[in-house]
Amino acid sequence: MTEFTPWLSLLGGSLIGLAAVLLMAFHGRIAGMTGILSALIPPLSSDWGWRAAFIVGAIGAPALIVGLTGYTIPFESPTPAPWLIVGGLIAGAGAYFGSGCTSGHGVCGMARVSPRSIVATLTFMASTAITVFVIRHVIGGL
Amino acid sequence: MTRIFSALVIGLIFGAGIALSGMANPAKVLNFFDIAGSWDPSLAFVMGGALVVTAIGYTFVLKRKAPVFDRLFHLPTRRDIDLPLLAGSAVFGIGWGITGFCPGGAIPALGLGYSDAWVFVGSMVAGIALARIARHTMAARAAGKAV
């Protein structure tokens, strides 16, 4: 079980939105993690600097929150390591071919009412729900 | 240098949002999708908050001529629904459903220091790299046939 956190989740979601708006306003870029990350895998794109800085910030923020405030950020990964590797490989490849993930399609693309992003988001939300249902209720866990 | 510092600060805001919202916690993400079991609707509030702020913010930002550090807004222009979009998104969902990690959630999760996030991100980066090689190979073959 995880605790239902409507206010904290709404605050966090609003910060994700703020970051997406600022990245467009200052850099003219979509805040999609798959796109930002894939251009950092060699051969590097020529504008790798801002991408690397964004990722350093994204990794640093949780560490700073924990380090400076002592607030505990809940984390629990129930998936065994071999399945983390399988899941990581197909999530990465799928998001690359699908031109985006939850941040790029689900937030930025949906906010622009892009037809491709709406279709992509509905597709991966459905596919994730089916996968979770099969793992938890059909085969009874990994 | 200002450009790099700006991206760093925006990355910090993004990472803080992900961490506070619960998106960096795979168990919480998986519970959102488990309506038949231990359902936790929090993720709907994350998506709702992010979407409202982004939609309103974009309408103001995109009225401007250009972003602060660039000459134009880099906006995707394609509108066609093709097979890679559908198949790629469906496959991405399977990976998300197995692990509870998505790219935007997993990168900030690295900052929490748990090895699970590093195992996932390492594999995800390998997945993106392999997919990029596959796409370039397919494109090269298609070009070869055309000649």
For region B:6-120: span of alpha carbons on each principal axis (Å, largest first) | 48, 36, 26
When B:3, B:78, A:51 are ordered from fewest to most other Cβ atoms inside 10 Å of their Cβ, what list results?
-> B:78, B:3, A:51
Add -39500 (n - 2.57) for each DSSP H run of 4 or more in chain B, then divide by its residues: what number comes out at 222 nm, to the nearest 500 deg cm²/dmol?
-> -24000 deg cm²/dmol
Which of A:105, A:27 has the fewest Cβ neighbours within 10 Å, and the rest in rising order = A:27, A:105
Dipole-positive endmost among B:58, A:131, B:15 within the protein assembly as shown (Cβ charges, Cα centre) = B:58
Looking only at B:33, B:60, B:45, which one moves most when chain B is put into a Gaussian network model with springs between Cα atoms under 10 Å?
-> B:60
Max mean-square fluctuation residue, GNM over chain B, Cα-Cα springs under 10 Å, options B:71, B:135, B:79 = B:79
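Quick check for me: using +1 on Lys/Arg Cβ and -1 on Asp/Glu Cβ, what's the dipole size of the protein assembly as shown about its Cα centre, in debye to the nearest 20?
1100
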Shielding by other protein chains, B:135-142, mean Cβ within 10 Å | 0
Label model pair residue A:139, residue A:68: point-to-point distance (7 angstrom along the Cα→beta-carbon line) in nm is 4.3
Taking Cα pairs under 8 Å and at least six residues apart, what relative contact order does chain A come out at, in percent?
-> 26
What percent does the relative contact order of chain B come to when contacts are Cα pairs within less than 8 Å and at least six residues apart?
-> 26
Output the DSSP H helices from chain A with an along-axis C-alpha extent of no less than 18 Å and a mean Kyte-Doolittle hydropathy no less than 1.6.
-> A:6-27
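For A:83, B:39, B:96, which order do you get if you count the other beta carbons within 10 Å of each Cβ and list the fewest first?
Sorted ascending by nearby Cβ count, the order is B:39, A:83, B:96.
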Just tell me, in residue order, which DSSP H segments of chain B are both 15 angstrom or longer along the helix axis (alpha-carbon based) and at least -1.0 in mean Kyte-Doolittle hydropathy.
-> B:2-21, B:42-61, B:83-99, B:115-146
What's the center-to-center distance, using Cα atoms, between region B:1-38 and region A:32-47 in Å?
-> 19
Calculated from DSSP H runs of 4 or more alone, at -39500 (n - 2.57) each and per residue, what is the 222 nm mean residue ellipticity of chain A, nearest 500?
-> -20500 deg cm²/dmol
Relative contact order %, region A:67-142, counting alpha carbon pairs below 8 Å whose residues are six or more apart = 24
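Every number in this text was worked out from the coordinates using simple rules, so none of it is lab data. All of these numbers come straight from a predicted model, not from anything done at the bench. Positions of Cβ are generated from backbone atoms using ideal geometry, with glycine treated the same way; all protein chains shown enter the neighbour counts.
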